DNA sequence: CTTTAGAAAATCAAGTTGATTTAGTTACTT
DNA sequence: AAGTAACTAAATCAACTTGATTTTCTAAAG
């Protein structure tokens, strides 16, 4: 009856102890403040169901560590006035890196997500050997221009197009970056920079950004639909980032929305990203050199009311609706957030034409959020998200934190 | 920048303490044994990264509580012989209930998932007022026939077709049960039986069953594709059951696989479950009374090589392939498990015709499990899964366990 | 065949950690 | 002056850890 595929004794989920519990509680405190804004100790205690004494101790520690800072005492209510605490932006910094077909971007953000420095370099479908030194140079530039306190650097996050490590998909076609299949990006960047690096696809990074600082701040389950050169989704489910078995969850660019439709380099026909993506738009416009077109062009064409661009818009809406439908049905999220490299006005134009959305499990009158939201971060969404990755991993309450490191 | 949709202070994730940690560790021990079979204390300690002393204490408690029992001492190796502990089947019981268009089934299982009693009643698209007393009667029958020790009853699980509470979908069409929209099933059953009830859709219940006792025992992330009257998926992701914001995650019966295809009662055209479901098969066979057809008929037609049934099979394969593709792309699971009310030979016939599957993120040579597996539980899969629900919720390590009950 | 060394499992007892409890104290409003 | 809410300090408690010890076996040596 049982599956005999894995006879190796599976490593069990590991136990926890007081130390892990404390780490969890610290994260819970930070998360409570991040979601709700400045909070007094008493308020945190109420929200987290921890005793006020425990919260006092944790807040004291976090303040000493520079992660929290007291705000002006709140007078006007009965009783002893409360001292609200907020997250100290200077409590930590993070480097965000983004690599795409034509652009490498790097930013430094503080704990509040504010950009402290930004660097941009042109690239042309870079291979790992070209990109690695460039990204390392970008991060040392960033550190230098900010005169960054390395001890306060939480790490670096990097966003790049997925999928990762799929034979016949990762390196194939105009929406993929060639030569990256199975390249150990994080390890190599860590070696070059000496900084801990977290690599995610651009959609996942963007999702984390929106969750920490954007429209998804209070959401437990949402999907970020990232329209870039290709198209992918970042999944934030039940308070956790869901990445999938091989880090490829959300790679829905190649789901079939029109059986027998436009041929795709992956070998299938009618893939979603043949209709909804920068590349799809470029192709539809019959640009002379679609490999080197810029998203800005689309913004201009939209503003000028270009008829061919309008035709693309019209044709893209139904596949996009289907993508949203599929995501809603499969994941029943609180909302779907739209964003990516596609210029904001174009995203908004698409969003504006979506109604009526398909009937789905999201079609209920008892909603507190709209079914579709436009992301807050604009076209830097994936670098900002990348920078958010280390902050997220250091401060978000997660199941893993409760697990003892085994070995 | 931030979303202003929820100005009510969001309840933060809550903290933890020693008590929660202990509860978590107890679950971790049980889970380790469930996944790996009988384990000595020392082995559990290694697996869970807890100290052997801690494990000794926990095992002692669990044995005293009747949840674990010692097996024969393992001699033959050096050192003091190990005493393996396994889960005591009689440590607890659970009631599983299942309701569908034509059948209500109830089972009692023990902690090992073994069926101790089974009851079946015919129904005909029952409304809540018809079904509730029937289900209550079934559970008291079960308790009586087993002479069940009520103190060892962990609870009851119930599986029924989804989606739940979606206007224009829950109660519409031949694959839905009418009159159940917004009916508080769990509350009502609890009131009638005095037993704690967990309600899930049949696919989710089946997923839990396969995870506890079936082919998915060692898997962290998988999808159960449930082919019943309609079609839905149960999602087990990163060691957690993912249910979605409104308990409707995985309701992919109404994703569009053939734009402009067969009309569906939900108002769309080309929905998946118009091609892959019991109902789809019945419809394709032009049965005189498809509302009262039985899955057994399909098994007979398959065995006899009926040409119309073969035609349905042939037509169902591509939509099924697409469904698997969508699930793989969206969730990058370790595997997709096939099952449901569709008779096992038919499931196997479908599975046998699936190759070649679409290229997806699951297409990689570095796999330890096949992309598609057939579920182990057969057509009782959803009742057995339902019975597994309370056991799962009482014994599986979950994030929530670490959270203090607030209030 | 007996003895002895070695190994692994299990236990014992003391020690540590961090949340909770209890009993205040402080600093406001009314 | 009374009341209230926020915060603090010390003592308590629960559960994991540590390290030494005991138990019970196998394997090798005599």
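The values are calculated or read from the model by the stated rules, or taken from the named source; none is laboratory data. Remember, it's a predicted structure, so these values are computed and weren't measured experimentally. Ideal geometry is used to build each Cβ from the backbone, glycine not excepted, and the neighbour counts take in all protein chains shown.
Would you confirm whether any residue within the stretch A:82-100 is within 14 Å of chain B (Cβ to nearest Cβ), in contact (Cβ under 8 Å) with a residue 60 or more places away in the chain and either within 16 Å of DNA strand C (Cβ to nearest atom) or under 25 Å from residue A:218 (Cα atoms) (or both)?
No; the residues of the stretch A:82-100 include none that is within 14 Å of chain B (Cβ to nearest Cβ), in contact (Cβ under 8 Å) with a residue 60 or more places away in the chain and either within 16 Å of DNA strand C (Cβ to nearest atom) or under 25 Å from residue A:218 (Cα atoms) (or both).
Test each condition in (1) at negative phi; (2) more than 7 Å from chain B (Cβ to nearest Cβ); (3) modelled with pLDDT of 85 or more; (4) away from DNA strand C (no atom under 16 Å from the Cβ) for residue A:366 and report the one that comes out false.
Against the list (1) at negative phi; (2) more than 7 Å from chain B (Cβ to nearest Cβ); (3) modelled with pLDDT of 85 or more; (4) away from DNA strand C (no atom under 16 Å from the Cβ), residue A:366 comes up short only on (3).
Can you tell me which residue within the stretch B:372-382, out of those that are within 18 Å of residue B:327 (Cα to Cα) and buried (at least 19 other Cβ atoms within 10 Å of the Cβ), is nearest to the other protein chains (Cβ to nearest Cβ)?
Residue satisfying both the conditions and the ranking: B:373.
Out of the helices (runs of 4 or more DSSP H) lying entirely within the stretch B:16-75, which hold 2 or more residues that are within 20 Å of residue A:400 (Cβ to Cβ) and away from DNA strand C (no atom under 13 Å from the Cβ)?
Ranges flagged: B:18-36.
Do we have residue A:267 as within 30 Å of residue A:167 (Cα to Cα), assigned to a loop (DSSP other than H, G, I, E, B) and within 28 Å of the chain's Cα centre (by Cα) here?
no
Exactly one of (1) away from chain A (no Cβ under 12 Å); (2) within 15 Å of the chain's Cα centre (by Cα) is unmet by residue B:213. Its number?
Against the list (1) away from chain A (no Cβ under 12 Å); (2) within 15 Å of the chain's Cα centre (by Cα), residue B:213 comes up short only on (1).
Given the options B:338, B:359, name the one that is assigned by TED's automatic domain parsing to the domain that holds residue B:224 and assigned to a strand (DSSP E or B).
Within the list B:338, B:359, the selection yields B:338.
Go through the stretch A:44-59 and report how many residues are touching a residue at least 12 places away in the same chain (Cβ under 8 Å) and either surrounded by fewer than 21 Cβ atoms within 10 Å (Cβ to Cβ) or away from DNA strand D (no atom under 11 Å from the Cβ) (or both).
5
What residue, among those in the stretch B:157-174 that are within 19 Å of the chain's Cα centre (by Cα) and assigned to a loop (DSSP other than H, G, I, E, B), is surrounded by the fewest Cβ atoms within 10 Å (Cβ to Cβ)?
The first filter runs over the stretch B:157-174 and keeps only residues within 19 Å of the chain's Cα centre (by Cα), leaving B:157-164.
If we keep only those that are assigned to a loop (DSSP other than H, G, I, E, B) as well, we get B:161-164.
Details: B:161: 27, B:162: 31, B:163: 26, B:164: 24.
Top of the filtered list is B:164.
Of the numbered conditions (1) within 20 Å of the chain's Cα centre (by Cα); (2) crowded, with 20+ Cβ neighbours inside 10 Å, residue A:361 satisfies every one except a single condition; which is it?
Status for residue A:361: all satisfied but (1).
I'm checking my understanding of the structure. Among residues of the stretch B:216-250 that are within 16 Å of residue B:275 (Cβ to Cβ) and under 14 Å from the mean Cα position of the chain (by Cα), which one is nearest to the other protein chains (Cβ to nearest Cβ)?
Top of the filtered list is B:233.
Scanning for something surrounded by 23 or more Cβ atoms within 10 Å (Cβ to Cβ), under 17 Å from the mean Cα position of the chain (by Cα), within 14 Å of another protein chain (Cβ to nearest Cβ) and assigned to a helix (DSSP H, G or I), does the stretch A:320-329 turn up at least one residue?
Yes, the stretch A:320-329 contains a residue that is surrounded by 23 or more Cβ atoms within 10 Å (Cβ to Cβ), under 17 Å from the mean Cα position of the chain (by Cα), within 14 Å of another protein chain (Cβ to nearest Cβ) and assigned to a helix (DSSP H, G or I).
Go through the stretch B:129-149 and report how many residues are in contact (Cβ under 8 Å) with a residue 24 or more places away in the chain and not in a helix (DSSP H, G or I).
2
Please pick out the residue among B:303, B:249, B:281 that is in the same structural domain as residue B:372 (by TED's automatic domain parsing), within 24 Å of residue A:257 (Cβ to Cβ) and at pLDDT 95 or above. Quick ask: steps written out before the conclusion?
Details: B:303 fails: within 24 Å of residue A:257 (Cβ to Cβ); B:281 fails: within 24 Å of residue A:257 (Cβ to Cβ).
Sole residue among the options that is in the same structural domain as residue B:372 (by TED's automatic domain parsing), within 24 Å of residue A:257 (Cβ to Cβ) and at pLDDT 95 or above: B:249.
Every residue, every condition in (1) more than 30 Å from residue B:367 (Cα to Cα); (2) crowded, with 24+ Cβ neighbours inside 10 Å; (3) free of Cβ contacts under 8 Å to residues at least 40 places away in the same chain, yes or no:
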| site | (1), (2), (3) |
| --- | --- |
| B:280 | yes, yes, yes |
| B:288 | yes, no, yes |
| B:294 | yes, no, no |
| B:297 | yes, no, yes |
| B:300 | yes, no, yes |
| B:303 | yes, no, no |
| B:307 | yes, no, yes |
| B:310 | yes, no, yes |
| B:317 | no, no, yes |
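Filter the stretch B:330-345 down to the residues that are free of Cβ contacts under 8 Å to residues at least 60 places away in the same chain and in contact with a strand residue (DSSP E or B) (Cβ under 9 Å, 6 or more places away or on another chain), then identify the one that is surrounded by the fewest Cβ atoms within 10 Å (Cβ to Cβ).
In this case the residue turns out to be B:344.
Yes or no: the stretch B:107-128 includes at least one residue that is in a helix (DSSP H, G or I) and under 30 Å from residue B:253 (Cβ atoms).
Yes, the stretch B:107-128 contains at least one residue that is in a helix (DSSP H, G or I) and under 30 Å from residue B:253 (Cβ atoms).
Exactly one condition in (1) assigned to a loop (DSSP other than H, G, I, E, B); (2) in contact (Cβ under 8 Å) with a residue 12 or more places away in the chain is not met by residue B:259; state its number.
Here residue B:259 clears every test but (2).
Among the numbered criteria (1) within 13 Å of chain B (Cβ to nearest Cβ); (2) touching a strand residue (DSSP E or B) at 6+ places or on another chain (Cβ under 9 Å), which one does residue A:166 miss?
That leaves (2) as the condition not met.
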